[in-house]
Amino acid sequence: LFADGHYADAIFAAFKAVELRVRAMSGLDQIGEQLMAAAFGDRPRILVSVEQGASGESEQRGFKFLFMGAMAGIR
């Protein structure tokens, strides 16, 4: 889709794939922002941070908000 110039459709399809992957990895059945909040939130099902302590917590929280924002903006 992207190569053919259908940019909006390509982005939507890519984030739909991200949503399905996060749902599969987390075992959650929510969608959109709520899924990302639960998957990457206070008791994360998916850990993305590599640092320990406050830095790692900030990194995890940052990814949560990035994915939540992307889902809010794309949907």
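What the table shows:
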quantity	calculated
Residue in the stretch 49-57 that is modelled with pLDDT under 95, within 12 Å of the chain's Cα centre (by Cα) and surrounded by 11 or more Cβ atoms within 10 Å (Cβ to Cβ) present	no
Residues that are open to solvent by 80 Å² or more (accessible area, probe 1.4 Å) and touching a helix residue (DSSP H, G or I) at 6+ places or on another chain (Cβ under 9 Å), drawn from the stretch 7-18	F12, K16
Wholly enclosed helices (runs of 4 or more DSSP H) of the chain bearing at least 2 residues charged (D, E, K, R) and on the phi < 0 side of the Ramachandran plot	7-26, 53-74
Condition met for R21 (free of Cβ contacts under 8 Å to residues at least 12 places away in the same chain, surrounded by fewer than 17 Cβ atoms within 10 Å (Cβ to Cβ), closer than 21 Å to R75 by Cα and of a type in the set (K, R))	yes
Subset of the stretch 58-73 [touching a residue at least 24 places away in the same chain (Cβ under 8 Å), more than 16 Å from L28 (Cβ to Cβ) and surrounded by 14 or more Cβ atoms within 10 Å (Cβ to Cβ)]	A70
Scope the stretch 32-44; condition of a type outside the set (D, E), open to solvent by 50 Å² or more (accessible area, probe 1.4 Å) and at pLDDT 95 or above; matching residues	Q34
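The values are calculated or read from the model by the stated rules, or taken from the named source; none is laboratory data. Note that the structure is predicted; figures quoted are calculated from it, not measured. When we count neighbours, we look across all protein chains shown, and the Cβ atoms used for this are built from the backbone with ideal geometry, even at glycine. Remember, those area values only see protein heavy atoms, side chains included, never the ligands or the DNA or RNA. Shrake-Rupley method; radii C 1.70, N 1.55, O 1.52, S 1.80 Å.
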